[in-house]
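Read the structure below first, then the notes.
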Amino acid sequence: MTTPAAPTSSRTATLFTAAGVWWHRLSPLVGLALFAVAILVLGGELRKMPPRELAATMRAMPATALALAALLTFLNYLILTGYDQLAFVYIRRPIARWQIAMASFVGYAIANNVGFALLSGTSARYRFYSRWGLSGEDISRVVLFYSSTYWLGLNVVGGWALAGGEIQGIDSYVPASLTRLTGWLFLLSALAYPLLVLIRKTPICVGGVRIELPSMGLVGSQFLLSMLDWVLASAVLYVLVPAPRPDFLYFLGAFLAAQLVALISHVPGGLGVFESLMVLLLGLPAVKMLPALALFRVIYYLVPLAAALLVLIVDEISQRRHQVVQWGNAFGTLTASVAPKLLAIFTMLAGGVLLASGASPSDGRRLAWLAHALPLPVIEVSHFGASLVGALLLMAAWGLARRVADAHRLAVAALGTGIVLSLLKGLDYETAVVLAALLLALMVSRGEFTRRAAMLDVPFSPSWVTSTLAIIGAAIGLGLFAFRHLDYRYELWWWVDLYGDMSRFLRASAGVVLAFTVLGIARLTRRPRPAMLIPAEPERAEAAALAGASSTPGGSLVLLGDQGLLWNPARTACLMYGVRGHTWVALGEPIGPTSEAEALVGLFLERCDDYSGLPVVYQASKDWLHVFTDYGLTFVTLGEDARVFLPHFAIEGSGHRAMRTTVAHLDRLGVQMRVEMPPDVAPLLPSLAGVSDAWLADRDGVEQGFAVSRFDPRYISSCPVVIATRAGAVEAFATLWSLPGRHTLAVDIVRHRPGAPRGVAEGMIAWLLVWARQHGYTWCDLGMAPPARSERPELVPFWRRLLTTAPTCGDGPATMRTLREDKQKFDPVWEPRYLVYPGGAPLGSVLADVTALIEERRVAGHDTVLNTG
């Protein structure tokens, strides 16, 4: 029967989608603008402190300060792992504490450097938690718990600092009244949490997931751990600032304000944004702040990130040694393959290191020693080549994050070349050691990079473009600052000298800019692979035949041409999907043999990742949930499929007295039923079209698409049809799907004339069930209806309460409740259908995009190219 659309109006869906798309487009620009301001601020400070003086001051930092900062960092990350420890106490799952600590540490080390803590940290945890047997709902509850813990301390301590006027330096940029108001809002938002726990004694539902409120003891532990976390993090930087230092409470307020803006900026790790705000808010001399900030970035961010990478590599080797790799192969690109994404981050950082090295003055003593062994042209070419290798590493990072095999080969070759060139251009052994460590990590993890795809086939993500431009801009800015004391002359471009660092910088910068200009032109002139291409009729027919051969319910919808098709390389399985905004919706499970179709889930997630899309599966069956949850996805119940077991169905007996009365009434009126098979349906199309048009006009309705069938002459003529006629005129009809072997008969479109005899649709379905049983069918699928009403209304998700009216087999418009009641008359077996989506994704926005996708119409052969901003 006609499947109800998702429970949101088209106008609301459009607003949700538009807001999401515009935020996706603008957030990188906001981050880039804040990063540009940060560069200006830090550049002004660097003028007061040359790079060599900065490096010398960092080397002169007292060992006691460094040791204390390292100790505080260790304690801080230990406290951070307590977030997850509390979460597991909350969900009552017995997992070894050391395992929780390991997963939590990796998650926070990545999240602190990458940003987007909820998504990047969750992805890292999925690698471990899914392997340890946690369900998608359990992981969602863990994510929600530790995320709330993270913000509690920030709201309390930050709110106190703002409301109490502890951040005095901020008054120069923001009115004091607004600062205090913001602080009180932070404090009140934190206070609302324990009040909710005290007042409400029943569970709540968030995003379709039932959430039990924690005990007051856990709430108190959340506050304590989170506040201690922020105090320790600020203390790491505080001990690195030379005396005399400002008061710690004042320093803590500035630290929290800078961290908050860095989080909002979406700049990875808040790089530059945090540092510039600390400089502005504290107003300390550059000689104090810059070395402390640089060491803080290394100790608190980069060292834990390197340790996390080491943990992932050791874990990968351990898993392979014990032959437990099935989960890793299943996880794909979205959540499980954390190591490739982490390696991509390090590769991008390595590219930045090479670019920064090329923009900095060389060590004169090393150059003089090198000049005795190598001719000058070799040094010049090595310097220029090292910068180009840095550009190649930035390009390779994009492909590494997507596990592209060619990107892995490019990165390995570039790193090997970069090691040699770093030594030849000026005995830069520090850079060579960093590159060698990354090369070793890439070689150990080469099995993760298995995708065979061209790197230019998909659009570059806004975050990659923003990060790349920021790194190149920072390197060029560093060079301009380093050589500011030299007068620019045109001849410098061609001047070759052993100590001609500025000339080498100019040539290398021009080469890098030219390389990325060529890359941009190649990307713009290359026709991008469309996000979705509506297949032509022959391809749709091929997919429909595959659906029939594999007994895939709903596979015939592909004939309508509302979905794109994703095929496996052997073209033995395919998946129907649609794109709306940044939401990618797969329609049910893949079509084809299960052994070959499961791999399509990974391909679909990779395609979503290529376009920065949000993967969703609409109407997934319970038999496929284990596949989707293996990829780190979670799910909510969307509805239930009504399936009638025909050998047990009969209209005789006291339970179906009303149904027998309806059938007898129709028989007295001369209503006759029959089933027509293709090609005998084609001559009936004009009569069926008249019934369909009248049915739609009576309800002020319009045809929908994607997951909902519509009246299309070619589609209708290819399906069996049951019709109810009176005096030769068609009063009602229903299209059918007949799966091979007469195992299942599925009811699709059900429509009748507004003036048809009462109960004609119900009587027609009852007659059909008897006919199907007599013709050897085992099951009859009546389509999806809402889940049974909960005995506890407070546990019903808000999105499910928004379900609106939908057409049904009864007379007149029916509510979603009566839709279920109408199908319940036939004593069906109810099988759940699910909406599968990434944990932490906004469910309301997902449902809005699914609704908009169902309500829009597409044309075969139309390219859908996702604009990623």
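Counting only residues at least eight positions apart within a chain, or on another chain, the lysines with an alpha carbon under 29 Å from that of Lys288 are Lys48.
Convex hull volume per residue, computed on the Cα atoms of the range 335-410, equals 96 Å³. With the highest mean first, a sort of the peptides 608-621, 223-236, 506-519 on other beta-carbon atoms found within 10 angstrom per residue produces 608-621, 223-236, 506-519. Once all protein chains are placed together, Glu448 keeps about 20 Å² accessible to a 1.4 angstrom probe. Quick note on the range 440-523: its Rg to Rh ratio, both from C-alpha atoms and Rh being the Kirkwood radius, is 1.11. Rolled with a 1.4 Å probe across the full set of protein chains, the surface gives Lys825 an accessible area near 80 Å².
Summing Lys and Arg as +1 and Asp and Glu as -1 over all other residues whose Cβ lies under 15 Å from the Cβ of Val89 gives a net charge of +1. Ranked by the mean number of other Cβ atoms within 10 Å of their residues, highest first, the peptides 481-489, 296-304 fall in the order 296-304, 481-489.
Our analysis of the range 219-303 gives Rg over Rh at 0.97, with the two radii drawn from alpha carbon positions and Rh computed by the Kirkwood formula.
Heavy atoms of the protein chains alone define the surface here; on that basis the range 636-720 has 48 Å² accessible area per residue at 1.4 Å probe size. Answer rounded, prolate or oblate for the range 523-614, using the Cα gyration tensor with square roots of eigenvalues a ≥ b ≥ c: rounded when a/c is under 1.5, else prolate when a/b is larger than b/c, else oblate. Prolate is the answer for the range 523-614, as a/c is 1.5 or above and a/b outweighs b/c.
The values are calculated or read from the model by the stated rules, or taken from the named source; none is laboratory data. The model shown is predicted, which means the values in this text are computed figures rather than measured ones. Virtual Cβ from ideal backbone geometry, glycine too; neighbours counted across all protein chains shown. Quick note on the areas: whole protein, heavy atoms, side chains included, nothing else; ligands and nucleic acids left out. Shrake-Rupley method; radii C 1.70, N 1.55, O 1.52, S 1.80 Å.
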